[in-house]
Amino acid sequence: MNSFDITEHSHRRFNPLLGEWVLVSPHRSKRPWQGQQESTEKDTRPEYDPTCYLCPGNVRANGEANPQYPSTFVFTNDFAALQSDSPSGSFTKGGLLQAESERGICKVICFSPRHDLTLSDMETTEIKKVVDLWQAQYLELGAMPEISYVQIFENKGSVMGSSNPHPHGQIWAQSSMPGDPARETVQQENYFQENGRSLLSDYLALELEENTRIVAENEFFVALVPFWAVWPFETIVIPRRHFAHLGEINEDEKLAYADIMKRLSSVYDRLFQTSFPYSAGLHQAPTDGRDYPGWHLHMHFYPPLLRSASVKKFMVGYELMAEPQRDITPESAAERLRALL
Ligand code: H2U
Ligand code: ZN
């Protein structure tokens, strides 16, 4: 048998942000596909859709009218998963049945008044206004004493559960820490305690040195396929400077962040000539009033498409029962994305 080669042979990679492993099987992408073929053609949409509940001036499902907003628009989700006035309490039985009440605030953010755009079609200066709003919302919601964590995210494409093609995202702010950011907190703080530098600063230095998984970079941000990526074309956006949240980012950095998001989403759209679906989200320090010197802001993009616009990755079988698994290597995914810059 020849010696171990991570581009050829099955192996497990460690995700230091979550403290979890992922199984990588490079040779498996050669298997035939006779499963479902989905249609993801880029649809043509009007600039304004009178039936859209997010377009300016239109009436939403709860009867409220949207203003004639000129750039971005934020409102409290009419069907919020978390409410600020739900009763507090807990339920336990026999130590094994446990429930705690949860409070929070859910908001919807329209990225643009234009119904027909996505982040990749928008001008960088327009995307910066989305970053401005994310920053303001993180600070405003995070300052509330009952809010411990603010999750900003976007579901794009019906395959990712987006309910409307109008460019929009969501914010869920809540009283307790959800699982993944809680794990990232433990991993990053432990790393900082031991090394005196942030986990992502050291990780980014390694990636820049290896230079095999970088997709796009500018003065302040780098987008790359993480070594431990699970989704086929998963990426992570990491600021070169170590800071914990959007409250610490200046105007130039916000513009650079908008630039990297525009380039990344454009590359995605070019990959399979489609409006590329994904779930993307910002991970930032908790807002529970404690100090988190190890926290390093970053953004994850989790796109489900595998080998074309019609073949999608599902987390089934082994992934559901055992651990995440991927077929193409992160290095080959990065190479394909980089080629489309
Ligand atoms: P998604 O496309 O990711 O589902 O986000 C859209 C959100 O918009 C969704 O959470 C909310 C839904 O509850 N919404 C309103 O708040 N008002 C409406 O009139 C329709 C949809
Ligand atoms: Zn619309």
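Residues being part of a loop (DSSP other than H, G, I, E, B) and either open to solvent by less than 40 Å² (accessible area, probe 1.4 Å) or more than 29 Å from LYS128 (Cα to Cα) (or both): count how many of those fall in the range 51-82.
Going through the range 51-82 one residue at a time, the tally reaches 16.
Kindly indicate whether any position in the range 276-285 is among the polar types (S, T, N, Q) and either more than 18 Å from ILE238 (Cα to Cα) or without any contact (Cβ under 8 Å) to a residue 60 or more places away in the chain (or both).
no
Tell me which residues, restricted to the range 176-201, are in contact with a strand residue (DSSP E or B) (Cβ under 7 Å, 6 or more places away or on another chain) and either within 16 Å of ligand 2 (Cβ to nearest atom) or open to solvent by less than 40 Å² (accessible area, probe 1.4 Å) (or both).
Once the filter is applied, which keeps residues that are in contact with a strand residue (DSSP E or B) (Cβ under 7 Å, 6 or more places away or on another chain) and either within 16 Å of ligand 2 (Cβ to nearest atom) or open to solvent by less than 40 Å² (accessible area, probe 1.4 Å) (or both), the range 176-201 yields PRO178, PRO181, GLU184, LEU200.
Which condition number in (1) basic (Lys, Arg); (2) closer than 28 Å to LEU139 by Cβ; (3) in contact with a Phe, Trp or Tyr (Cβ under 9 Å, 6 or more places away or on another chain) is the one that ARG270 fails?
(2)
Across the range 103-139, what is the total count of residues that are within 13 Å of ligand 2 (Cβ to nearest atom) and among the polar types (S, T, N, Q)?
Within the range 103-139, residues that are within 13 Å of ligand 2 (Cβ to nearest atom) and among the polar types (S, T, N, Q) number 2.
Residues checked against (1) touching a His at 6+ places or on another chain (Cβ under 9 Å); (2) within 22 Å of LYS262 (Cβ to Cβ); (3) not in a loop (DSSP other than H, G, I, E, B):
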site	(1), (2), (3)
ARG197	yes, no, no
GLU207	no, yes, yes
VAL215	no, yes, yes
ALA223	no, yes, yes
PHE227	no, no, no
ILE236	yes, yes, yes
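If a residue must be farther than 24 Å from PRO232 by Cα, among the aliphatic types (A, V, I, L, M) and within 19 Å of the chain's Cα centre (by Cα), how many such residues does the range 165-213 contain?
Residues flagged as farther than 24 Å from PRO232 by Cα, among the aliphatic types (A, V, I, L, M) and within 19 Å of the chain's Cα centre (by Cα) within the range 165-213 amount to 4.
Just one of the numbered conditions (1) farther than 23 Å from PHE14 by Cβ; (2) in contact with a helix residue (DSSP H, G or I) (Cβ under 7 Å, 6 or more places away or on another chain) is not true of PRO232; which one?
(1) is the only condition that PRO232 fails.
Scan the range 143-159 and give yes if some residue there is closer than 22 Å to GLU20 by Cα, of a type in the set (D, E, K, R) and within 15 Å of the chain's Cα centre (by Cα), otherwise no.
no
Taking the range 87-101, which residues are closer than 14 Å to SER176 by Cα and either within 11 Å of ligand 1 (Cβ to nearest atom) or out of contact with any strand residue (DSSP E or B) (no Cβ under 6 Å at 6 or more places or on another chain) (or both)?
SER88, GLY89, SER101
Taking the residues in the range 149-167 that are buried (at least 21 other Cβ atoms within 10 Å of the Cβ) and not β-branched (Val, Ile, Thr) as candidates, determine which candidate is nearest to ligand 2 (Cβ to nearest atom).
Only one residue fits best here, namely HIS166.
Just the residues that are within 18 Å of SER162 (Cβ to Cβ), touching a residue at least 12 places away in the same chain (Cβ under 8 Å) and within 14 Å of ligand 1 (Cβ to nearest atom), please, taken from the range 45-61.
Once the filter is applied, which keeps residues that are within 18 Å of SER162 (Cβ to Cβ), touching a residue at least 12 places away in the same chain (Cβ under 8 Å) and within 14 Å of ligand 1 (Cβ to nearest atom), the range 45-61 yields ASP49, CYS52, TYR53, LEU54, CYS55, ARG60, ALA61.
The values are calculated or read from the model by the stated rules, or taken from the named source; none is laboratory data. Fair warning: this is a prediction, and the values are worked out from it, not measured in the lab. Virtual Cβ from ideal backbone geometry, glycine too; neighbours counted across all protein chains shown. Accessible surface areas use protein heavy atoms only, side chains included; no ligands, DNA or RNA. Shrake-Rupley method; radii C 1.70, N 1.55, O 1.52, S 1.80 Å.
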